[in-house]
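Asker: Would you mind keeping the following structure in view while I ask a few things?
Every read-out reported here was derived from the displayed coordinates using simple, explicitly stated rules and does not represent laboratory data. Source: prediction; values computed, not measured. When we count neighbours, we look across all protein chains shown, and the Cβ atoms used for this are built from the backbone with ideal geometry, even at glycine.
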Amino acid sequence: MLVNTELEICTVENFRESNYLAANKDVAEAVRSGGFASGFDHFQQYGHLESRNQFITWLGSGIMQGPTTRKIFAEAITQRENKNILEIGPLSRPLVTSDNCWYFDICDTETLKAKARDAGLNEDTIPEIDFVDKHGDLSSVDMKFDSIVSAHCIEHQPDLIRHLNQVSFLLKNVGSRYWVIVPDKRFCFDHFIPESHVIEVVNANVEEQRTPTKTDVLQHFAMTTHNDPSRHWVGDHGEIKSDLFSRLAAAERKYEDANGEYIDVHCWQFTPESFFKIIDGLYERSYIDFKCTKIFETDRNQSEFFAILEKVR
């Protein structure tokens with residue numbers, strides 16, 4: 001996986017957290033043990049004086065990109081795609097607002113507006129939902145698209161492989177793209193939950209998982225922490241509360257009371273590197289049609305990264 005292991009002198013302008021920690025194992029260990037809040041914290045204090053190196057990339061030439069923003073990502077989508085686009089789960093913050101975009105959600109427009117009002121969000125920015133399925137089943141969509149987009153959707157899919165294959169089926173051609181924005185578990189409320197592994201993803205597909213597992217539900221209600229990315233970036237992750245076992249008991253009751261109905265929690269926890277490895281592994285073993293062609297790493301004080309998956313077969 002570490003195709004390109006060339007080193008470069010680290011500067012403030014080119015600093016990348018993952019690359020710095022990968023090239024400086026002593027710093028990575030010091031961060032893990034709490035000696036430094038982050039690799040950047042070490043770099044500011046000592047690394048720049050010591051002319052520390054970082055890997056140029058850990059994913060191979062051209063795949064890893066520096067941070068971007070939602071606005072730039074959305075502009076890249078609309079500039080590249082001048083045909084049919086489908087956005088999944090836009091809520092009140094759609095990435096694409098052009099006339100050639102259709103929208104899919106688990107709720108219809110009026111239900112989403114009611115949810116937005118309850119959450120204090122702007123209901124006026126909710127687009128008209130064209131396709132609705134309460135289980136999130138994309139097989140109900142009866143169109144083909146040149147590009148598909150989602151933000152903070154992919155981590156909610158109980159069967160990630162099934163979701164990616166449904167997206168692939170809705171794309172017209174080889175070369176079509178699935179543009180995704182994904183929460184980075186290191187800098188959101190998932191911080192204390194372990195990264196997902198490709199074996200778990202494959203097992204969910206084998207088991208034909210349609211709702212979050214009991215483990216997903218227990219972890220969400222017992223192990224999540226605050227959701228302030230700026231605090232996470234300086235090493236303030238909060239803590240797993242001392243009433244862990246009472247929270248687990250309450251979460252277990254919630255799971256049992258749902259009686260098999262969907263509970264809205266994260267099924268998967270990713271970092272940019274682990275996301276790439278999972279997508280790459282699934283493609284290489286012919287579970288999916290997508291390769292990850294670009295990842296834009298998480299920007300400082302932010303909690304999400306951006307990726308482009310290209311349909312290659």
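Asker: How high is the relative contact order of the chain? Use alpha-carbon pairs under 8 Å, at least six apart in sequence, and give a whole percent.
Answerer: 19
Asker: Report, by chain and number, residues whose modeled amide H sits under 5 Å from the one on Tyr103, excluding near sequence neighbours (fewer than 5 apart, same chain).
Answerer: Amide H to amide H, under 5 Å and 5 or more residues apart or across chains, Tyr103 pairs with Glu87, Asp130, Phe131.
Asker: Further question on the same structure: Using the Cα centre of the chain as the reference point, and only Cβ charges (+1 on K/R, -1 on D/E), how large is the resulting charge dipole? Debye, rounded to the nearest 20.
Answerer: The calculated dipole for the chain is roughly 460 debye.
Asker: Kindly state, to the nearest 0.05, the FRET efficiency for Asp108 paired with Arg80, given R0 = 30 Å and r defined as their beta-carbon distance.
Answerer: So, using R0 = 30 Å, E works out to roughly 0.50.
Asker: In percent, what relative contact order does region 188-258 have, based on Cα pairs under 8 Å that are 6 or more apart in sequence?
Answerer: 42
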